[in-house]
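Notes to accompany the following structure.
The values are calculated or read from the model by the stated rules, or taken from the named source; none is laboratory data. Quick caveat: nothing in here was measured; it's all calculated off a predicted structure. Ideal geometry is used to build each Cβ from the backbone, glycine not excepted, and the neighbour counts take in all protein chains shown.
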Amino acid sequence: MGGLPARVLGVGTALPGGAVDTAALAGRFGMNQVWQQWVDAFIGTRTRHLAIDLATGEQRYSLADLAETAARQAIEDADVSVEDIDVVVFGTATPDDLMPATVNVVADRLRIDGIPTFQLQSGCSGAVQTFDVATALLSTGRYRTALVIGGDVIAKHYDVTADLTGVPPEELVNYVLFGDGAGAAVLSTEEREGAPVVRSVLTRLSGLDRQPGQVLRWFGIVDRDGAAVPASEDYRAIAESVPVLAREVADELLDDLGWARDEVDFLLPPQLSATMTAKITEALGFPAAKEVSRVADIGNNGNALLFFQLRDLVPAMSAPSRAIAVAIESSKWIKSGIALEAA
């Protein structure tokens, strides 16, 4: 990366409520033991955290609630103050409202004002895109410290009164695959001993002439009673495409930096599901890398997941060490990744 290098000074995360296991979901939606076995075999996610009360459907946490908690934790972890923040970048697929932007609600709660704020509408690649935007801005020298945030509250799209018997897999998978959460990191051009340097960030649209692998819809007054479902997945297309795209990301990052595969100490693989993550990790072929993965116990919480991985990674990185993170968005097929180094 050109210009001034950015370092990760601190990371914060937030989850809503307690862990919800698959048996609790099965009980709520009237699904049988065979359904639970299907989840264990094909999804592999044991627990997830939901921003709604599963019994009533009441939303207990907003995205802004979770993002504020994660951001405060990141700022404290970085040992900076809100006055030090020069720019805020937020990535999400599920903002609380179309307007005002959730990034500005969170900034207001943090008492941040008078600086640029950006909200990126994106799926799982949005967390990496926040790094891309922030590091580009920091490299100009106009800004010194950035707060990047990612998160999603997907459970607000659930109908807890739904009868899921007979529901096709492309709709059913959304009830077990996802969780809710938020994460944040403080990036800075400040020299800080032990803080990993962001060596490269990659984001590439790869969806030309391809059907979306995932669709998440907003409904207005006119179309809210239509036949379209709020969320759907082409899980077969995702299973086929994500490993290929992930390999392309890893190869490009390595080529860009001149790193060999056996020189990478940590791998943060895509976090679609526990089962898929295991397959992708094997296919990526990093022989010496320790896997940093959280999806099995917190579910796929979209733009939050990279930050949960980073929260585990950053304290574990000691000089010299290198890390590669990969995230793939299946909605319109975006591949993304980050390379970090503690030198």
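Screening 236, 210, 224, 144 for residues that are surrounded by 13 or more Cβ atoms within 10 Å (Cβ to Cβ) and among the basic types (Lys, Arg) leaves exactly one candidate, 144. Note on segment 213-260: residues that are touching a strand residue (DSSP E or B) at 6+ places or on another chain (Cβ under 9 Å), of a type outside the set (Phe, Trp, Tyr) and assigned to a loop (DSSP other than H, G, I, E, B) total 6. In this structure, residue 86 does satisfy being surrounded by fewer than 24 Cβ atoms within 10 Å (Cβ to Cβ), touching a Lys or Arg at 6+ places or on another chain (Cβ under 7 Å) and of a type in the set (Asp, Glu). The residue list 105, 128 contains one member that is without any contact (Cβ under 8 Å) to a residue 60 or more places away in the chain, part of a helix (DSSP H, G or I) and crowded, with 19+ Cβ neighbours inside 10 Å, which is 105.
For segment 201-210, which residues satisfy the criterion of being in a loop (DSSP other than H, G, I, E, B) and either at pLDDT below 85 or touching a Lys or Arg at 6+ places or on another chain (Cβ under 9 Å) (or both)? Passing the criteria: 206, 207, 210.
For segment 63-83, filtered to residues that are within 22 Å of the chain's Cα centre (by Cα) and either without any contact (Cβ under 8 Å) to a residue 60 or more places away in the chain or not assigned by TED's automatic domain parsing to the domain that holds residue 141 (or both), the residue that is surrounded by the most Cβ atoms within 10 Å (Cβ to Cβ) is 64. Would you say residue 118 is touching a residue at least 24 places away in the same chain (Cβ under 8 Å) and either in the same structural domain as residue 304 (by TED's automatic domain parsing) or under 25 Å from residue 315 (Cα atoms) (or both)? Against the criterion (touching a residue at least 24 places away in the same chain (Cβ under 8 Å) and either in the same structural domain as residue 304 (by TED's automatic domain parsing) or under 25 Å from residue 315 (Cα atoms) (or both)), residue 118 does not qualify. Residue 34 passes every criterion in (1) farther than 26 Å from residue 186 by Cβ; (2) modelled with pLDDT of 80 or more; (3) not aromatic (Phe, Trp, Tyr) apart from (2).
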